[in-house]
Structures are given as structure tokens and as C-alpha cells.
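See structure below.
FYI, it's all coordinate maths here, none of it is from the lab. Here the structure is a predicted model, which means the values were calculated and not measured. Cβ coordinates were reconstructed from backbone atoms using ideal geometry, including for glycine residues, and neighbour counts include every protein chain displayed.
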Amino acid sequence: MEVKDGYVYHIKDSYFAKVNDNKLMSNKDNGKFRPTYFCFRDLNTNLIWVVPMSSKYKKYKAIAENKAQKYGKCDTIILGKFDGQASAFLIQNMFPITEAYLDHAHTRNNNPVPVNYKLKQEIFTCANKVLLLTRKGYNLVFPDVLRLEKIMLQELSLNSNKVKSPLSRNQIIRNAKAIAGQKHFSNAKDKSKSR
């Protein structure tokens with residue numbers, strides 16, 4: 001399956017069985033593939049990072065507003081519209097996978113539905129910022145993403161000897177420019193605590 005950045009996919013149950021992390025937002029409704037996940041590729045490791053989406057917009061809007069009042073901004077929950085519906089993109093619940101665990105893209109009339117460009121950029125920027133802070137020891141994401149990343153890298157290494165180590169800050173910024181197609185990419189300081 002060709003995986004495109006900024007599109008939304010469903011994940012196979014086998015991923016959740018393999019990694020055994022009770023903090024993950026796993027599939028529900030007996031194979032009906034909920035929730036859906038915004039995806040983007042880590043160009044250095046070839047892993048795919050997925051951001052769960054929720055239709056519980058009001059619930060997550062209240063949480064995001066509370067965080068913004070407390071810390072000045074909320075980078076862990078991004079609010080927007082997807083496929084005509086108000087949605088919350090839960091960076092606080094993101095995690096890495098390999099292509100093998102993607103089941104199918106979210107479609108409308110048999111066509112994959114993209115996230116609009118501006119929203120995609122905001123999610124991508126905040127997700128990379130939160131991941132950088134997580135690597136520095138800040139506890140911003142519910143799942144143990146660094147453990148999950150190791151599991152997925154080990155799995156990739158069985159199929160390839162070309163897996164690299166996790167991204168440095170400069171590599172992430174370069175990759176973000178490449179994916180986003182931006183000429184200017186925010187180099188915000190990491191002074192925030194829990195966003």
C-alpha cells in the first residue's frame with residue numbers, strides 16, 4: 001500500500017496485540033476500524049507516525065482550551081475539520097507503526113480523503129515538536145512512544161539493514177520542510193512544559 005502523508009488510515013488489530021500498550025487508542029466496534037489515524041512518515045527511520053482522531057470535538061476542545069489557559073498554547077490536541085466533520089487530532093496519543101499494520105485509507109466515494117493543507121501543516125509541526133520534547137524527557141504523550149519506536153525499528157531491521165537512529169532536531173526540521181514544501185519552518189524554542 002502506498003502511504004501518503006496527510007491522509008487518514010485505519011490500523012490492523014494485530015498492531016495493538018503486538019505492542020501491548022494499554023494507553024493506545026485501539027480499534028473498537030469489533031473490526032469496524034475506529035478510530036482513524038492521521039499519518040506522516042519519519043524520513044529518517046521510515047516509520048509512520050499516526051495521530052488518532054476523535055469525533056468528540058466538544059470534549060477535546062474543552063481540554064485544549066484548559067491547556068491553552070494554563071500553558072499559553074496547546075500542542076497536544078489540534079482541532080479542525082476532516083471530511084466535513086469537526087474532529088480532534090490527538091497528538092497526545094500518537095505512536096509509530098510500520099506500513100505492514102496499515103489496513104486501508106479512509107475514503108469517500110472510493111477516493112482517499114486528504115486533510116486540508118493548513119490543518120496538515122499544523123498537525124505535522126505540533127507532532128514533531130511534541131516528539132522532540134518527548135525525546136528530551138517531557139511527558140507529553142500517553143503511550144510509551146520511545147518503547148514502541150524501538151519495537152517497530154527492530155521489526156523493520158528484520159527486513160532491512162538500512163534503518164537509521166531516531167531523528168535529531170535539525171533532521172526533523174529538514175524533513176518537515178521537505179514534506180511540507182515550506183520555505184520557512186518555525187524554529188520555536190522548546191521552553192514549554194506540558195502542552
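Report the per residue volume, in Å³, of the convex hull enclosing the C-alpha atoms of region 1-121.
Details: hull volume 15.4 nm³, N = 121.
Considering the Cα atoms of region 1-121, their hull volume per residue is 127 Å³.
Tell me, what HN-Hα J-couplings in whole Hz come from the Karplus equation 6.51 cos²θ - 1.76 cosθ + 1.60 at θ = phi - 60° for each residue of region 59-74, using x for Gly and Pro?
Running phi through 6.51 cos²θ - 1.76 cosθ + 1.60 with θ = phi - 60° gives 4, 6, 5, 5, 5, 5, 5, 5, 5, 5, 5, 6, 10, x, 6, 10 Hz.
In percent, how large is the relative contact order of region 46-92, given Cα pairs closer than 8 Å and 6 or more residues apart?
Relative contact order for region 46-92 comes out at 45 percent.
Which value, in debye to the nearest 20, gives the size of the charge dipole of region 50-166 about its Cα centre, when Lys and Arg are +1 and Asp and Glu are -1 at the Cβ? Let's see the in-between values first.
Working: 18 positive and 9 negative charges, 96 e Å.
Its charge dipole is roughly 460 debye.
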